[in-house]
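This report refers to the structure that appears directly beneath it.
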Amino acid sequence: MKVSFPHMGTSHIAFKQFIERLGHEPIVPPTPSKKTLSYGVQYSPEFACIPFKVLMGTYVEVLEKGAEMIISSGGHGPCRAGLYGMLHEKILKDAGYDFEMIILDAPLKNPKDFISKINRIIKPNKVGWYRFIQEFKFGWAKLKVLDMVEAYSHKIRPYEVTKGQTTRSFIKTLTLIAQAQTSEELENARRQGIKLLDEVEQDRSRKPLKVGIIGEIYVVIEPFMNFDIQVLLGEMGVETHRSIYLTQWTKDNAAKGKGELDVIACAPPYLNQKVGGHGIISIGETVIYAKNGYDGVIQLAPFTCIPEIVAKSIIPQITKDYGIPVLSLTIDEQTAKTGVQTRLEAFIDLMLHQRSVKGGGKSHEVRLGS
């Protein structure tokens, strides 16, 4: 069976191998592009958020490549994203596409339903549960390594002497990780990848600005959605830390991980209840970044995303109380990279000024422009 899935950061590397090991033919979704978005806009309701449209476009692309099954994640309210899978399926089937949609919710939400859906994936090739669990463990390990090396690359990039060298080393690292077939090979790939990144020529005399990235998960994780903002900022000499990675989010939502509970505990008194999506998480993370001495925070939100609109309305009070500037970027299909870069440059100037006022000393020269 030809099986596909959404494109989300580097996760397709692990998902592709996982699908192959279960005996299916993976249809790897292409990196989202303007073509993807054009398909999404064509088939989606006008006021749907941009993650909905990009996912819709991705599904059209993989269906055109022959995908027979699409596996995606679900969600739970009050964020409307929990209904996206069903709506995508209905729209695409009404458009004449013939496929099966498997929407996986958190296992503890409805264990019987979750097991039934996993059986639908593994039974056609007579894969037993023991083998499925072993393959899942390896796939999960690969996802963790992918997240780890990406986070490490964002620590290296602000110090690079030659612009783009970190990104080139990171791409080589992804190739090594993709080729790993055993746990031992995966560990060797991780070590080689870290070594490649450490070998990037760096100027450690720099004192880069530190910026936290918060917001809606798909816009934060998928580079196409945010114009590769972490690479853009890193090459401008800013160190970024992302609040959401796929493995961390999955662990927190599938098993109610301690990490998310700790973040939520930091949200009061600004926000005392969940408002769907990552709304309360965005508030808690902003407080944490402020307490940890970050120079600023950037909130990434899809246009019309209610949880992030709620968070955006509360954040100015956090800025007032902690003195941390926050830039809110609302993303839709009309957003242009040039406009985003201009706002980032202005935000960097603001943070540099604030650092100098606080007596934090001079940062290294920020590399603005292309």
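Quick note: the coordinates plus some simple rules give every number you see, no bench work behind them. This is a predicted model, so every value here is computed, not measured. All Cβ positions, glycine included, derive from the backbone under ideal geometry; neighbour counts span all protein chains shown.
Provide 162, 36 in ascending order of the number of other Cβ atoms located within 10 Å of each residue's Cβ, fewest first.
Numbers: 162 10, 36 23.
Listing 162, 36 from fewest to most nearby Cβ atoms yields 162, 36.
Please name whichever of 353, 97, 83 sits farthest to the positive end of the charge dipole of the chain, dipole taken about the Cα centre and charges placed at Cβ: Lys and Arg +1, Asp and Glu -1.
Of the options given, the answer is 353.
Treating cross-link reach as a plain straight distance, find the lysines whose alpha-carbon is under 17 Å from the alpha-carbon of residue 337, omitting any fewer than eight places away in the same chain.
34, 35
Cross-link partners among aspartates and glutamates for residue 291, C-alpha distance below 20 Å, same-chain residues fewer than 8 apart left out?
Correct list for residue 291: 239, 260, 262, 321.
What residue among 128, 284, 74 has the largest mean-square fluctuation in a Gaussian network model of the chain, using Cα springs under 10 Å?
Among 128, 284, 74, the largest mean-square fluctuation in the Gaussian network model of the chain belongs to 128.
Given the Cα-Cα distance of residue 35 and residue 317 and 0.36 nm per residue of separation, how much length would full extension add, in nm?
On the way: separation 282, 0.36 × 282 = 101.52 nm, distance 3.98 nm.
Here the answer is 97.5 nm.
Taking a 27 Å limit on the Cα-Cα distance, which of the listed pairs 2/195; 109/142; 90/123; 65/126; 312/358 fall beyond it?
Beyond 27 Å: 2/195.
Could you work out how far apart the two model spin labels at residue 93 and residue 262 are, taking each label as a point 7 Å from the Cα in the direction of the beta carbon, and quote it in nm?
For the pair residue 93/residue 262, the computed spacing is 4.3 nm.
Over the range 138-206, calculate the relative contact order: mean separation of alpha carbon pairs under 8 Å at least 6 apart, over the residue count, as a percent. Write down the numbers at each step before the final one.
Numbers: 62 pairs, mean separation 29.4, N = 69.
Result for the range 138-206 is 43 percent.
Give, as a single signed number, the net charge of other residues whose beta carbon lies under 12 Å from the beta carbon of residue 192, with Lys and Arg counted +1 and Asp and Glu -1.
0
Looking only at 12, 88, 353, which one moves most when the chain is put into a Gaussian network model with springs between Cα atoms under 10 Å?
Residue with maximal mean-square fluctuation among 12, 88, 353: 353.
Could you state the angle between the C-alpha long axis of helix 337-358 and the longest principal axis of the C-alpha atoms of the chain, as a value from 0 to 90 degrees rounded to the nearest 10?
Roughly 40 degrees between the two axes.
Between beta-carbons, use under 15 Å as the cut-off and find the net charge around residue 63, counting Lys and Arg +1, Asp and Glu -1. Display every interim value, and only then the final one.
Details: positive: 2, 35, 65, 90, 93; negative: 25, 61, 64, 68, 89, 94, 98, 100.
Residues near residue 63 contribute -3 overall.
Got a sec? How would 270, 289 order by Cβ neighbour count within 10 Å, fewest to most?
With the sparsest Cβ surroundings first, the list reads 270, 289.
Taking R0 as 45 Å, what's the FRET efficiency between residue 129 and residue 201 from their Cβ-Cβ distance, rounded to 0.05?
It comes to 0.40.
With the Cα gyration tensor of the chain giving a ≥ b ≥ c as the square roots of its eigenvalues, does the rule (a/c under 1.5 for rounded; else a/b larger than b/c for prolate; else oblate) give rounded, prolate or oblate?
Because a/c hits 1.5 or more and a/b exceeds b/c, the chain counts as prolate.
Only Cα pairs within less than 10 Å get springs; with that Gaussian network setup on the chain, which residue of 213, 115, 177 has the largest fluctuation?
Highest fluctuation among the options: 115.
Over the chain, what is the percentage of antiparallel beta bridges among all DSSP beta bridges, to the nearest 5?
Numbers: 1 of 27 bridges.
Close to 5 percent.
Quick one: Cα centre-to-centre distance for the range 138-155 and the range 342-360, in angstrom?
About 31 Å separates the Cα centre of the range 138-155 from the one of the range 342-360.
For every helix of n ≥ 4 consecutive DSSP H residues, a contribution of -39,500 (n - 2.57) applies; sum these over the chain, divide by its total residues, and give [θ] at 222 nm rounded to the nearest 500 deg cm²/dmol.
-17500 deg cm²/dmol
So for the chain, averaging the separation of alpha carbon pairs under 8 Å that are six or more residues apart and normalising by length, what relative contact order in percent results?
Computed value for the chain: 16 percent relative contact order.
With charges only on Cβ, +1 for K and R and -1 for D and E, what is the dipole size of the chain about its Cα centre, in debye, rounded to 20? Working shown, then result.
On the way: 46 positive and 40 negative charges, 127 e Å.
Taking the Cα centre of the chain as origin, the dipole is about 620 debye.
Residue 68 to residue 117: extension gain in nm, 0.36 nm per residue of separation minus the Cα-Cα distance?
16.1 nm
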